[in-house]
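Colleague: So that we are looking at the same thing, I have put the structure below in structure tokens.
The values are calculated or read from the model by the stated rules, or taken from the named source; none is laboratory data. Everything numeric here is computed off the predicted structure, so don't read it as measured data. Here the Cβ is made from the backbone with ideal geometry for all residues, glycine too, and neighbour counts use every protein chain on show. To get the accessible areas, we keep the full protein, side chains included, count just its heavy atoms, and leave off ligands, DNA and RNA. Shrake-Rupley method; radii C 1.70, N 1.55, O 1.52, S 1.80 Å.
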Amino acid sequence: MNKKKLGNSDMQITPVGLGTWAIGGPWIYGWGEQDDTDSIKTIHAALEQGINWVDTAPAYGLGHSETITARAIRESSYKPYIFTKCGIRWNEKGETD
């Protein structure tokens with residue numbers, strides 16, 4: 001897969017990445033129940049096809065997406081870039097500010 005330089009950095013990234021919002025599972029802003037095994041297989045398949053970056057965030061499933069993404073990458077020989085962001089905080093009840 002072709003790669004392009006990201007801005008002024010020295011990073012070469014694919015024009016398509018994998019977004020993991022749905023992998024976060026059921027929560028107030030989520031996409032419903034997700035199977036973690038299927039999510040890991042999806043991440044592996046994306047990396048095998050040449051995608052070299054994954055978008056995740058602590059807000060996706062209140063951290064669940066990041067946990068599953070980390071697990072998938074630990075199990076893989078591919079080491080993609082991980083792009084994340086912050087902005088939503090939550091309390092012990094899973095309620096966001």
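Colleague: How big is Rg to Rh over the stretch 54-97, alpha-carbon atoms, Rh as the Kirkwood inverse-mean-distance radius?
Modeller: Details: Rg = 11.9 Å, Rh = 11.3 Å.
Expressed as Rg/Rh, it is 1.05.
Colleague: If you keep only loop residues by DSSP, which trypsin sites (Lys or Arg not before Pro) in the stretch 1-68 have at most 16 other Cβ atoms within 10 Å of their Cβ?
Modeller: Details: sites: K3, K4, K5, K41; in loops: K3.
Of the trypsin sites (Lys or Arg not before Pro), the ones in loops of the stretch 1-68 whose Cβ has at most 16 other Cβ atoms within 10 Å are K3.
Colleague: Give the total of Lys-Lys pairs in the chain with Cα-Cα distances below 20 Å; include a pair only if its members are 8 or more places apart or on different chains. List each step's numbers first, then the result.
Modeller: Numbers: K3/K79; K4/K79; K5/K79; K41/K79.
Summing the qualifying lysine pairs gives 4.
Colleague: Can you give me the long-range amide H partners of N52? Hydrogens built in the peptide plane at 1.01 Å from N, cutoff under 5 Å, separation of 5 or more residues or another chain.
Modeller: T14
Colleague: Another question, if that's okay. When the accessible area of the chain is computed with all protein chains present and a 1.4 Å probe, what percentage of it is carbon and sulfur? Don't skip to the answer; put the middle values down first.
Modeller: On the way: 3310 of 6290 Å².
Carbon and sulfur: 53 percent of the exposed surface of the chain.
Colleague: Could you state the orientation-averaged shadow area of the convex hull built on the Cα atoms of the stretch 16-97, in nm² to one decimal? Please list the in-between numbers first.
Modeller: Working: hull surface 21.0 nm².
Averaged projected hull area, Cα only: 5.2 nm².
Colleague: Using a Förster distance of 30 Å, how high is the FRET efficiency between N8 and A45, based on the Cβ-Cβ distance and rounded to 0.05?
Modeller: Numbers: r = 31 Å, r/R0 = 1.05.
Once rounded, the FRET efficiency stands at 0.45.
Colleague: Kindly provide the GluC sites (Glu not before Pro) of the chain that DSSP labels as loop, not H, G, I, E or B, and whose Cβ sees at most 13 other Cβ atoms within 10 Å. Please list the in-between numbers first.
Modeller: On the way: sites: E33, E48, E66, E75, E92, E95; in loops: E33, E75, E92, E95.
Answer in residue order: E33, E75, E92, E95.
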